[in-house]
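A.B. asks: One structure, pasted below without further comment.
The values are calculated or read from the model by the stated rules, or taken from the named source; none is laboratory data. What you see is a predicted model; the values in this text were computed from it and never measured. Note that each Cβ is placed from the backbone with ideal geometry, even for glycine, and that neighbours are counted across all protein chains shown. Accessible surface areas use protein heavy atoms only, side chains included; no ligands, DNA or RNA. Shrake-Rupley method; radii C 1.70, N 1.55, O 1.52, S 1.80 Å.
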Amino acid sequence: MVEPILKPAMQLDRRADFPILAQPVRGQRLVYLDNGATTQKPAAVIHAESHFYEHSNANIHRGVHWLSQHATDLYDQARVVTQQFLHAQRIEEIVFTSGTTDSINLIAYSWGMANLTAGDEIVLTGMEHHSNIVPWQLVAQKTGAIIKVVPVLDNGELDLTAYQTLLSNKTKFVGIVHVSNALGTVNPIAQMIEMAHQVGAKVLIDGAQAVAHTEVNVQELDCDFYVFSGHKIYGPTGTGVLYAKYDLLDAMPPWKGGGDMIHTVSFESSTYAPVPQRFEAGTPNIAGVVVLAEALKYVQTVGLDAIAAHEDALLRYATAQLGTMKGITLVGTAANKAGVLSFLVDDIHPHDLGTILDMDGVAIRAGHHCAMPLMTRFGIPGTARASFAVYNSFDDVDALVASLKKAQKLFGVADE
Ligand code: PMP
């Protein structure tokens with residue numbers, strides 16, 4: 001007899017914090033498992049946005065009036081909250097951007113264009129999101145630098161032996177995704193950063209899928225750059241963070257010109273503001289940044305250790321459940337995974353599967369997950385992906401499994 005999979009006791013129950021989850025979808029209880037794409041927002045974050053516009057809205061860094069100073073204070077406090085969240089040494093090491101993509105482009109165009117020359121090597125991993133590939137291709141085309149790729153093993157882990165052989169004194173830059181959005185693999189970034197530093201390369205960690213799921217300490221990691229998006233950590237879209245070590249950031253030229261990033265301007269030449277202002281040209285997403293700080297506080301209040309433990313329990317339960325079903329292939333079975341379950345169901349196209357699950361109010365992602373080279377590596381066009389957040393429950397996993405079984409029946413591939 002097959003042992004039943006026991007449903008563990010709920011560790012966290014945060015569903016009620018998120019108003020959108022009370023809204024039925026297609027007449028069903030919403031089972032939101034597309035958190036890798038974007039997370040829902042807690043009431044505290046939603047209310048902080050309207051509170052800002054009702055009580056604090058003005059442009060920052062320019063006004064002499066009370067409201068402008070008030071908005072500036074809130075914006076500056078958000079930088080302190082972010083600095084503490086990442087455990088950065090200095091406030092100036094935090095630059096606000098519009099998201100992970102924007103942060104990586106900033107590094108590529110500012111640091112990359114200033115520091116890479118023909119023959120230099122950029123090492124990226126085979127599981128990078130397109131946003132950590134394409135900017136480097138554009139910079140490589142302009143500078144003559146060469147991109148090398150760390151291979152991915154069959155279980156979705158990086159081949160560290162191959163990584164070691166790729167590193168040489170030609171390696172100037174290494175870009176590594178902390179947690180793969182397509183596979184859930186948690187990469188051994190501390191070890192990989194140390195290896196890159198031994199050949200003198202600078203290291204960027206793409207933390208888009210990590211910061212909402214695990215504690216990040218940039219000083220302990222000793223990474224040169226760390227980036228993430230606000231919307232994947234219960235904050236607003238159009239907000240993002242770039243952390244860079246102070247000396248590195250301070251030596252980088254601006255890449256966007258405009259108001260707020262200058263010291264003096266004449267038609268002959270301009271001088272630039274110190275960091276981080278040098279990289280925040282124009283009116284930023286003031287409300288977004290202020291609200292992002294509320295999202296980071298929300299995560300800290302719940303506790304990243306508690307969130308990590310909760311999501312790990314969900315992942316284990318879901319992996320075990322899907323493991324009992326015939327016709328399911330898990331893509332990405334690394335020993336260390338966070339919050340993401342990528343899979344194929346018989347020969348049902350992931351998009352068809354996503355559409356059928358949607359009829360039951362189960363929201364998953366289907367496709368290449370902006371990681372086409374990784375899909376090519378596995379010889380597949382895409383996967384179905386369930387990704388977990390603080391508000392998901394074992395009931396959500398049960399709903400996913402029930403809906404998958406329904407889909408199999410519909411396609412005539414059920415094993416019962
Ligand atoms: N990197 C990873 C690992 C991601 O998952 C994503 C978003 N799917 C990005 C980068 C890009 O983030 P954004 O679209 O918020 O800029």
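A.B. asks: Would you pick out the residues in region 25-63 that are closer than 16 Å to D73 by Cβ, part of a loop (DSSP other than H, G, I, E, B) and open to solvent by 20 Å² or more (accessible area, probe 1.4 Å)?
C.D. replies: N57, N59, H61, R62, G63
A.B. asks: I'd like to verify a number: residues in region 83-102 that are of a type in the set (D, E, K, R), buried (at least 19 other Cβ atoms within 10 Å of the Cβ) and away from the ligand (no atom under 16 Å from the Cβ), how many?
C.D. replies: 1
A.B. asks: Got at least one residue in region 242-265 being assigned by TED's automatic domain parsing to the domain that holds A71, open to solvent by 60 Å² or more (accessible area, probe 1.4 Å) and under 22 Å from D73 (Cβ atoms)?
C.D. replies: No: region 242-265 contains no residue that is assigned by TED's automatic domain parsing to the domain that holds A71, open to solvent by 60 Å² or more (accessible area, probe 1.4 Å) and under 22 Å from D73 (Cβ atoms).
A.B. asks: Right, here's the next one. Checking the structure you have, find out if any residue of region 103-117 is in the same structural domain as Y226 (by TED's automatic domain parsing), touching a residue at least 12 places away in the same chain (Cβ under 8 Å), away from the ligand (no atom under 12 Å from the Cβ) and over 20 Å from K256 (Cα atoms).
C.D. replies: So far as region 103-117 goes, yes, one or more of its residues are in the same structural domain as Y226 (by TED's automatic domain parsing), touching a residue at least 12 places away in the same chain (Cβ under 8 Å), away from the ligand (no atom under 12 Å from the Cβ) and over 20 Å from K256 (Cα atoms).
A.B. asks: Output the residues belonging to region 257-305 that are without any contact (Cβ under 8 Å) to a residue 60 or more places away in the chain and of a type outside the set (G, A, S).
C.D. replies: Selection gives M261, I262, H263, T264, V265, F267, E268, T271, Y272, R278, T301.
A.B. asks: Write out, first by first residue and then by second, each pair whose Cβ atoms fall under 6 Å of each other, whose residues are 6+ apart or on separate chains, and whose first residue, in region 20-44, is under 20 Å from K297 (Cα atoms) and at pLDDT below 95 while the second is assigned to a helix (DSSP H, G or I) and open to solvent by 40 Å² or more (accessible area, probe 1.4 Å).
C.D. replies: Sorted first by the residue in region 20-44, then by its partner, the list stays empty.
A.B. asks: Just the residues that are farther than 28 Å from Q28 by Cβ and among the β-branched types (V, I, T), please, taken from region 367-403.
C.D. replies: T376, I380
A.B. asks: Picking from P350, P373, which residue would you name as being more than 23 Å from Y234 (Cα to Cα), away from the ligand (no atom under 15 Å from the Cβ) and more than 17 Å from the chain's Cα centre (by Cα)?
C.D. replies: Sole residue among the options that is more than 23 Å from Y234 (Cα to Cα), away from the ligand (no atom under 15 Å from the Cβ) and more than 17 Å from the chain's Cα centre (by Cα): P350.
A.B. asks: Could you tell me whether region 157-168 includes any residue that is under 27 Å from A366 (Cβ atoms), open to solvent by 50 Å² or more (accessible area, probe 1.4 Å) and touching a residue at least 40 places away in the same chain (Cβ under 8 Å)?
C.D. replies: Scanning region 157-168, I find at least one residue that is under 27 Å from A366 (Cβ atoms), open to solvent by 50 Å² or more (accessible area, probe 1.4 Å) and touching a residue at least 40 places away in the same chain (Cβ under 8 Å), so the answer is yes.
A.B. asks: Let me ask another. When you scan region 353-372, how many residues do you find that are open to solvent by 70 Å² or more (accessible area, probe 1.4 Å) and touching a residue at least 40 places away in the same chain (Cβ under 8 Å)? Show your work before the answer.
C.D. replies: From region 353-372, those open to solvent by 70 Å² or more (accessible area, probe 1.4 Å) are 355, 359, 365, 372; that's our starting set.
Imposing the further condition that a residue be touching a residue at least 40 places away in the same chain (Cβ under 8 Å) reduces the set to 359, 365, 372.
So the answer is 3.
A.B. asks: Quick one: in region 230-248, which of the residues that are assigned to a helix (DSSP H, G or I) and more than 12 Å from the chain's Cα centre (by Cα) is farthest from the ligand (Cβ to nearest atom)? Outline the logic, then answer.
C.D. replies: Taking region 230-248 and keeping what is assigned to a helix (DSSP H, G or I), we get 230-233, 246-248.
Filter again for more than 12 Å from the chain's Cα centre (by Cα), leaving 246-248.
Working: Y246: 24, D247: 26, L248: 21 Å.
In this case the residue turns out to be D247.
A.B. asks: Which ones in region 189-207 are within 12 Å of T125 (Cα to Cα) and either open to solvent by 50 Å² or more (accessible area, probe 1.4 Å) or within 12 Å of the ligand (Cβ to nearest atom) (or both)?
C.D. replies: L204, I205, D206
A.B. asks: Name the one entry in L160, L167, L106, L124 that is farther than 24 Å from Q198 by Cα and aliphatic (A, V, I, L, M).
C.D. replies: Checking each option against the conditions leaves just L106.
A.B. asks: Within region 297-416, considering only strands (runs of 3 or more DSSP E) that don't extend past its boundaries, which have at least 1 residues that are touching a Lys or Arg at 6+ places or on another chain (Cβ under 9 Å)?
C.D. replies: Working: elements: 328-330, 340-345, 365-367, 383-387.
Once the strands (runs of 3 or more DSSP E) in region 297-416 are filtered for at least 1 residues that are touching a Lys or Arg at 6+ places or on another chain (Cβ under 9 Å), what remains is 340-345, 365-367, 383-387.
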